[in-house]
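Structure, as structure tokens:
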Amino acid sequence: MSKLEPGTYFMQGDEASVEGAIHAGCKFFAGYPITPATEIAERMARRLRQAGGVFLQLEDEITAIAAIIGASWTGTKAMTATSGPGFSLMQENLGYACMTETPIVIVDVQRSGPSTGQPTRAAQGDVMQARWGSHGDYEVIALAPNSVQEMFDLTITAFNLSERYRVPAIVLSDADIGHMRGTFVIPEKVEIVDRKYHTKPVSYNAFAYDENLVPNFPKFGQGHRVHITGLTHDISGYPKTTDAKVHEALVTRLVNKIRLHREDICRAEVINPHADSLVVAYGSPSNSVYEVVNERADVGLFRPITLWPFPEEQLRECAAHARRILVLEMNMGQIYWEVERIARKSPCEKIELLTRLGGDVHTPEEILEKLA
Amino acid sequence: MTRVRTKIDEKYCKGCNICVAICPVKVYVEGESLSSRGYTIPVIRRAEECMDAKREPGEKKKCELCVYVCPDQAIGWENE
Amino acid sequence: MNFFDFYRQDRWPHMFCPGCGIGTVMNAFFHAFVESGLDQNKTVFVAGIGCSGRIPGYIRADSLHTTHGRPIAFAGGIKVADPDLKVVVFSGDGDLGAIGGNHFINACRRNVELTVICINNYIYGMTGGQASTTTPRDFFSSTTPYGNREYPFDLSEVAVAAGANYVARWTTFHVKQMKKAMQKALLKDGFSFVEIASQCPAQFGRYNQMNSARQVFEWLKASAVPRSKASKLSADHLDLNLMGKITVGEFVERNRESYMKALGVLQ
Ligand SMILES: Cc1ncc(C[n+]2csc(CCOP(=O)(O)OP(=O)(O)O)c2C)c(N)n1
Ligand code: SF4
Ligand code: SF4
């Protein structure tokens with residue numbers, strides 16, 4: 001049985017993510033066990049073989065991300081899954097994937113940090129790391145699911161966006177969503193995107209691009225004879241490390257190829273967009289807000305599904321109507337600063353943060369109290 | 001009959017003298033004058049001693065150590 | 001195939017310093033590759049960061065120049081994802097023995113179908129001559145100004161102990177043997193490892209009173225002892241370079257089941 005038939009299934013979030021990956025065409029998984037993402041590796045170990053793919057447990061997370069990047073260069077859709085400590089180890093090669101424009105998917109099931117923190121408790125402490133964790137300037141795509149259904153859906157979306165823009169895509173889940181059990185639906189039709197390949201040998205034009213800014217992909221073993229390096233390179237792919245113009249052109253394109261396509265990439269869920277009080281929440285805490293907005297028509301929800309790039313325009317529209325904004329996060333304030341930056345110029349009087357640390361999620365009562 | 005003999009390509013030679021060190025019959029000696037690229041190129045002093053120069057045309061090469069070792073691919077064959 | 005059918009003439013002369021052993025390794029590798037009969041279009045060359053890591057950039061083939069220490073990790077992913085490709089790694093002693101040490105021993109243990117060529121120049125060349133995990137005891141580098149007090153790794157012995165199917169070590173003086181070992185390695189199933197003791201005149205020579213490439217080269221030549229003779233020396237003498245000795249030869253040739261066969265990916 002390769003991918004599951006359309007229908008309704010009951011599973012853990014982590015497991016649903018595996019099924020999403022297989023649906024998207026993932027044929028290669030490399031990982032290293034870590035709570036609360038281990039279930040992804042375990043299910044992959046069983047399922048990928050059935051789906052005609054390969055599962056590898058490697059010596060650490062550095063190897064895992066390196067292996068999926070290598071696999072991706074053979075034209076194979078590849079993924080890894082981890083949590084904070086492993087995500088930290090992956091940062092150097094995450095930057096390498098950005099620089100070499102390698103499509104890969106990373107599922108980060110967040111737990112509390114810093115360091116080993118609370119292995120079994122949910123947190124949202126890796127949001128900024130996902131954006132800025134590797135050195136240098138780059139853009140990645142990060143998606144934040146809040147249900148078992150979205151663990152399935154957004155893993156597919158991550159593959160699709162990663163393939164389309166030749167960029168790492170991260171599913172930023174958390175321990176609660178990863179371990180949550182629930183039903184999800186596999187629809188009859190699921191959109192699957194594959195990267196565009198070079199069909200003719202490219203050799204010295206490996207990174208030539210058009211106004212779309214995304215070069216076609218010269219996969220290995222086709223006689224392209226391309227050189228791929230993490231050093232600054234021109235469109236030939238060869239290092240050119242002392243020419244400021246070459247570096248500027250490359251990094252600007254790496255960033256702009258994402259910024260240019262924000263409209264296609266950015267997703268948000270909005271309820272009561274013109275409400276007086278706007279709650280901004282993503283991942284686990286957003287689930288408590290549904291109850292609040294059900295009861296109170298003057299409260300709205302803005303849930304960024306794409307965290308990076310942040311759905312700036314959509315938030316700005318809601319913020320224009322809000323008198324106050326309350327940001328819920330399971331960290332000391334990370335997306336809060338994005339919201340603050342974007343909403344600062346709106347007429348809104350208060351932009352506040354409600355923090356929950358240690359694995360507990362904000363309750364609807366707390367949110368109502370804060371809004372009172 | 002013109003014998004084959006080794007030659008050093010000045011465009012490539014960086015004057016490291018590794019060929020001088022490896023040649024079992026001391027064909028090369030360290031040079032003294034500078035090449036156009038600013039390197040001191042070894043001199044082929046005893047070309048006739050070269051084991052491969054003695055081979056008959058078409059015969060398999062016996063030694064060719066200098067060709068193999070030259071880090072800058074500067075050594076080749078003349079009259080071949 | 002001519003030399004410049006395999007290497008990129010338009011990028012010549014290469015960047016390596018005068019007398020650097022990397023150029024010699026490239027010569028031997030060219031002959032080994034040609035004689036092995038492998039397909040250039042179906043071979044991927046992978047390297048980490050360092051002078052030795054620059055070799056793939058000169059080869060007319062698909063190549064992945066990765067991050068420092070990680071080439072074996074990337075290479076394993078390529079090989080498993082597309083078993084039709086031959087994957088060759090070039091690495092330095094810092095890349096392979098220090099920052100990438102764990103990848104190296106685990107890839108040997110798994111017997112991953114890779115050929116790894118390590119250019120061991122006993123120092124960090126690219127970054128200006130710092131000590132490496134193979135710097136001999138009492139030798140000097142920019143970070144061991146009082147002499148290196150640590151014991152060095154014997155990379156080939158490590159590979160044998162960790163489980164590689166083929167392991168050989170030669171110096172840049174042993175051009176023919178090196179070529180033969182590389183050829184064997186390229187055709188060997190499972191993990192094959194060839195270590196080349198190589199001269200870095202610019203850094204290793206400079207810090208160790210060997211003022212020319214020729215001197216370092218002659219030091220390597222004089223230090224080499226065939227493995228057959230070396231086994232008669234005491235363990236202490238074998239401790240790499242403690243007594244100025246570098247054992248050379250084939251360290252192992254065996255047929256443990258290779259990784260992908262064991263995984264069932266390959267028949
Ligand atoms: C993570 C990381 N740490 C450090 C460096 C700096 N660095 C570049 S090459 C190198 C050592 C190279 O030595 P070796 O692997 O022996 O290769 P060689 O240059 O001698 O061939 C170091 C430390 C780096 N590029 N990346
Ligand atoms: S080995 Fe090559 S580069 Fe070095 S001196 Fe001889 S010919 Fe010149
Ligand atoms: S620094 Fe050393 S290893 Fe690097 S090219 Fe120069 S001689 Fe070779």
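What angle do you read, to the nearest 10 degrees and between 0 and 90, between the alpha-carbon axis of helix C:213-223 and the longest principal axis of chain C?
With both axes taken from Cα atoms, the answer is about 90 degrees.
Filter the trypsin sites (Lys or Arg not before Pro) in the range A:186-243 to those in DSSP coil with at most 10 other Cβ atoms within 10 Å of their Cβ, and list the result.
Details: sites: A:Lys189, A:Arg195, A:Lys196, A:Lys219, A:Arg225, A:Lys240; in loops: A:Lys189, A:Arg195, A:Lys196, A:Lys219, A:Arg225, A:Lys240.
Filter output for the range A:186-243: A:Lys189.
Relative to 2.2 N^0.38 Å, what does the C-alpha radius of gyration of chain A come to as a ratio? Two decimals please. Mind showing how you got there, number by number?
Working: Rg = 20.5 Å, N = 372, 2.2 N^0.38 = 20.9 Å.
Dividing the Cα radius of gyration by 2.2 N^0.38 Å gives 0.98.
In square angstrom, rounded to the nearest 10, how much accessible surface does B:Cys19 have for a 1.4 Å probe?
10 Å²
Using the Kirkwood radius over Cα pairs, work out the Stokes-Einstein diffusion coefficient for the range C:83-191 at 25 °C and 0.890 mPa s, in µm²/s as a whole number. Before the final figure, lay out each step's value.
Values: Rh = 14.7 Å.
Stokes-Einstein gives a translational diffusion coefficient of 167 µm²/s.
How much of the DSSP bridge set in chain A is antiparallel, in percent, rounded to the nearest 5? Let's see the in-between values first.
Working: 15 of 50 bridges.
Of those bridges, close to 30 percent are antiparallel.
For the range A:269-371, calculate the relative contact order in percent as a whole number, restricting contacts to Cα pairs under 8 Å that are 6 or more residues apart. Before the final figure, lay out each step's value.
Numbers: 192 pairs, mean separation 31.5, N = 103.
With pairs under 8 Å counted, the relative contact order is 31 percent.
Considering just Cα atoms, how many Å³ per residue does the convex hull of the range A:96-218 enclose? Please list the in-between numbers first.
On the way: hull volume 14.9 nm³, N = 123.
Cα convex hull per residue, to the nearest whole number: 122 Å³.
Ignoring ligands, DNA and RNA, how do C:Ser212, A:Ser17 rank by accessible area with a 1.4 Å probe, largest first? Please list the in-between numbers first.
Numbers: C:Ser212 45, A:Ser17 0 Å².
Of C:Ser212, A:Ser17, the descending order of accessible area is C:Ser212, A:Ser17.
Where does each of B:Lys54, A:Lys77 land when they are ordered by accessible area, with a 1.4 Å probe and the largest first?
Details: B:Lys54 110, A:Lys77 20 Å².
Heavy-atom accessible area, descending, gives B:Lys54, A:Lys77.
Could you compute Rg(Cα) / (2.2 N^0.38 Å) for the range C:1-96, with N its residue count? Walk me through the numbers on the way to the answer.
Values: Rg = 12.9 Å, N = 96, 2.2 N^0.38 = 12.5 Å.
It is 1.04.
On a C-alpha basis, how far is the centre of the range A:300-372 from the centre of the range A:193-209 in Å? Whole number, if you could?
Taking the Cα centre of each part, the range A:300-372 and the range A:193-209 sit 41 Å apart.
In square angstrom and rounded to 100, what buried accessible area do you get between chains B and C, total over both, with the probe at 1.4 Å?
1900 Å²
State whether the range C:155-197 is rounded, prolate or oblate according to the following rule on the C-alpha gyration tensor (a ≥ b ≥ c being the square roots of its eigenvalues): a/c under 1.5 gives rounded; otherwise a/b larger than b/c gives prolate, and the remaining case gives oblate. Spell out each step's value before the answer.
On the way: a/c = 3.76, a/b = 1.34, b/c = 2.80.
It is oblate, given that a/c is not under 1.5 and a/b is not larger than b/c.
Rounded to the nearest 10 Å², what accessible area does A:Leu260 show when all protein chains are kept and the probe is 1.4 Å?
We get 100 Å² for A:Leu260.
Provide a whole-number value for the mean count of partner chain Cβ atoms within 10 Å of the Cβ atoms in peptide A:214-225. Please report the intermediate quantities before stating the final value.
Values: counts 0, 0, 0, 0, 1, 2, 13, 12, 3, 6, 3, 8.
Mean number of neighbouring Cβ atoms from other chains: 4.
Could you grab the Rg to Rh ratio for chain C? Cα atoms only, Kirkwood for Rh.
Details: Rg = 17.3 Å, Rh = 18.3 Å.
Radius of gyration over Kirkwood radius for chain C works out to 0.95.
For chain A, what is the relative contact order in percent, using Cα pairs closer than 8 Å and at least 6 residues apart in sequence?
Value for chain A: 16 percent.
Let's test the formula: R0 of 51 Å, r as the Cβ-Cβ distance of A:Tyr290 and C:Trp12. What FRET efficiency results, to the nearest 0.05?
Approximately 0.20, to the nearest 0.05.
To the nearest 500 deg cm²/dmol, what mean residue ellipticity at 222 nm is calculated for chain C from DSSP H runs of n ≥ 4 alone, each contributing -39,500 (n - 2.57), summed and divided by the residues? Spell out each step's value before the answer.
Numbers: 10 runs with 85 residues, N = 267.
So the helix-based figure for chain C works out to -9000 deg cm²/dmol.
Per-residue ellipticity at 222 nm for chain B, helices alone: DSSP H runs ≥ 4 residues times -39500 (n - 2.57), over residue total, nearest 500 deg cm²/dmol?
-2500 deg cm²/dmol
What FRET efficiency comes out for C:Lys42 versus A:Arg344 if R0 is 56 angstrom and r is the Cβ-Cβ distance? Round to the nearest 0.05. Can you show the working numbers first?
Working: r = 56 Å, r/R0 = 1.01.
For C:Lys42 and A:Arg344, the calculated efficiency is 0.50.
Given the convex hull of the Cα atoms of the protein assembly as shown, what is a quarter of its surface area in nm²? Walk me through the numbers on the way to the answer.
Working: hull surface 139.4 nm².
If I average the Cα hull's projected area over directions, I get 34.8 nm².
Roughly to the nearest percent, how much of the accessible area of chain A is carbon and sulfur, given a 1.4 Å probe? Before the final figure, lay out the partial values.
Working: 7000 of 13990 Å².
So the carbon and sulfur contribution to the accessible surface is 50 percent.
With a 1.4 Å probe, what is the total accessible area buried between chains A and C, in Å² rounded to the nearest 100?
Working: alone 15460 and 11490 Å², together 23990 Å².
Separately minus together, A and C give about 3000 Å² buried.
Pairs of alpha-carbon atoms within less than 8 angstrom and 6+ residues apart define the contacts here; what relative contact order does the range A:7-186 have, in percent? Kindly include the intermediate steps, with their values, before the conclusion.
Values: 426 pairs, mean separation 55.0, N = 180.
Answer for the range A:7-186 is 31 percent.
Can you give the Rg to Rh ratio for the range B:4-79, taking only C-alpha atoms and Rh from Kirkwood?
Working: Rg = 11.9 Å, Rh = 12.5 Å.
Here Rg/Rh amounts to 0.96.
Order C:93-103, B:43-53 from most to least packed using the mean count of other Cβ atoms within 10 Å.
On the way: C:93-103: 25.0, B:43-53: 16.3.
Per-residue Cβ counts within 10 Å, averaged per peptide and sorted highest first, yield C:93-103, B:43-53.
Along each principal axis of its Cα atoms, how long is the range C:102-257 end to end? Whole angstroms, biggest number first, please.
Answer, in whole Å and largest first: 46, 30, 28 Å.
For peptide C:209-221, compute the average count of partner chain beta-carbon atoms within 10 Å of each residue's beta-carbon. If you can, show how the numbers build up before the last one.
Values: counts 0, 0, 0, 6, 7, 8, 2, 3, 8, 3, 0, 0, 2.
The shielding value for this peptide is 3.
Hey, got the average number of other protein chain Cβ atoms within 10 angstrom for residues in A:50-63?
On the way: counts 0, 0, 0, 2, 8, 2, 9, 0, 7, 8, 4, 0, 8, 11.
Going residue by residue through A:50-63 and averaging, the value is 4.
Taking GluC sites (Glu not before Pro) as candidate sites, keep only those in a DSSP loop with at most 12 other Cβ atoms within 10 Å, then name the longest stretch of chain C containing none of them. Numbers along the way, then the final one.
Values: sites that count: C:Glu150, C:Glu257.
Here the longest segment lacking exposed loop sites spans C:1-149.
Rolling a 1.4 angstrom probe over the protein heavy atoms, how many square angstrom per residue are accessible across the range A:215-372?
On the way: 6730 Å² over 158 residues.
Result: 43 Å² per residue.
Quantify how much of the Cα-Cα distance distribution of the range B:39-80 extends past 12 Å, in percent.
68 percent
Tell me whether the range A:2-146 comes out rounded, prolate or oblate; compute the Cα gyration tensor, take square roots of the eigenvalues as a ≥ b ≥ c, and use a/c under 1.5 as the rounded threshold. All intermediate terms of the calculation are to be shown ahead of the outcome.
Numbers: a/c = 1.67, a/b = 1.20, b/c = 1.39.
Note, shape of the range A:2-146 comes out oblate.
Would you mind getting the accessible area per residue of chain C, heavy atoms of the protein chains only, 1.4 Å probe, in Å²?
Numbers: 9110 Å² over 267 residues.
Heavy-atom SASA per residue in chain C reads 34 Å².
Modelling each spin label as a point 7 Å along the Cα-to-Cβ direction, I'd like the A:Arg316/C:Asp138 distance in nm, to one decimal.
The answer from the label model is 7.1 nm.
Taking the full set of protein chains and a 1.4 angstrom probe, give the accessible area of A:His198 in square angstrom, rounded to the nearest 10.
The value for A:His198 is about 40 Å².
The values are calculated or read from the model by the stated rules, or taken from the named source; none is laboratory data. Every value quoted in this text rests on a predicted model; they were computed, and no experiment measured them. As a convention, Cβ positions derive from the backbone with ideal geometry for all residues, glycine included, and neighbour counts pool all protein chains shown. Side chains included, ligands, DNA and RNA excluded: accessible areas come from the protein's heavy atoms. Shrake-Rupley method; radii C 1.70, N 1.55, O 1.52, S 1.80 Å.
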